[in-house]
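The values are calculated or read from the model by the stated rules, or taken from the named source; none is laboratory data. All of these numbers come straight from a predicted model, not from anything done at the bench. Using ideal geometry, Cβ is built from the backbone for each residue, glycine included, and neighbour counts are taken over all protein chains shown. These accessible areas exclude ligands, DNA and RNA; they are computed on the full protein's heavy atoms, side chains included. Shrake-Rupley method; radii C 1.70, N 1.55, O 1.52, S 1.80 Å.
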Amino acid sequence: QVQLVESGGGLVQAGGSLRLSCAASGRTFSSYAMAWFRQAPGKEREFVARISLSGLTTHYADSVQGRFTISRDNDKNTAYLQMNSLTPEDTAAYYCAATARAGTVGYRGSYDYWGQGTQVTVSS
């Protein structure tokens, strides 16, 4: 079992930046690929980014490519999402997720563990 706790969300103006953190406990963090999803009001939870166990491979949704960067520090058991050039369309609850299984990168069902989310609100 893995427990995930997100932090770092808040209110930011358009064009600004935030860094989200996802602290993991309970298992060997380096054994899990990590991902970020987000869910805006009235919409489905959508894939944002994923990072491999080693941290050497990343995937991004087209909507955030070039603006967001996923990273991890296995010594600190923490994954991060650096968000730059934020727009109001990025407003959502952001969730981190973990999996030790092979699966489709952007599919919610590929991930076995989820955090409770952290709210990001971008004002225009």
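Brief remarks on what is shown
- Sole residue being touching a residue at least 24 places away in the same chain (Cβ under 8 Å), touching a Pro at 6+ places or on another chain (Cβ under 6 Å) and open to solvent by 60 Å² or more (accessible area, probe 1.4 Å), chosen from Ser63, Ser124: Ser124
- Filter result for Thr104 (more than 15 Å from Ser21 (Cβ to Cβ), in contact with a helix residue (DSSP H, G or I) (Cβ under 9 Å, 6 or more places away or on another chain) and assigned to a strand (DSSP E or B)): no
- Considering the stretch 72-92, the residues that are small (Gly, Ala, Ser) and either open to solvent by less than 20 Å² (accessible area, probe 1.4 Å) or modelled with pLDDT under 95 (or both) include one that is nearest to Glu46 (Cα to Cα), namely Ala92.
- Leading residue by the ranking (least open to solvent (accessible area, probe 1.4 Å)) among those in the stretch 93-116 that are at pLDDT below 95 and out of contact with any strand residue (DSSP E or B) (no Cβ under 8 Å at 6 or more places or on another chain): Gly103
- Scope the stretch 1-38; condition within 19 Å of Gln65 (Cβ to Cβ) and in contact with a strand residue (DSSP E or B) (Cβ under 8 Å, 6 or more places away or on another chain); matching residues: Ala14, Gly16, Ser17, Leu18, Arg19, Leu20, Ala33, Met34, Ala35, Trp36, Phe37, Arg38
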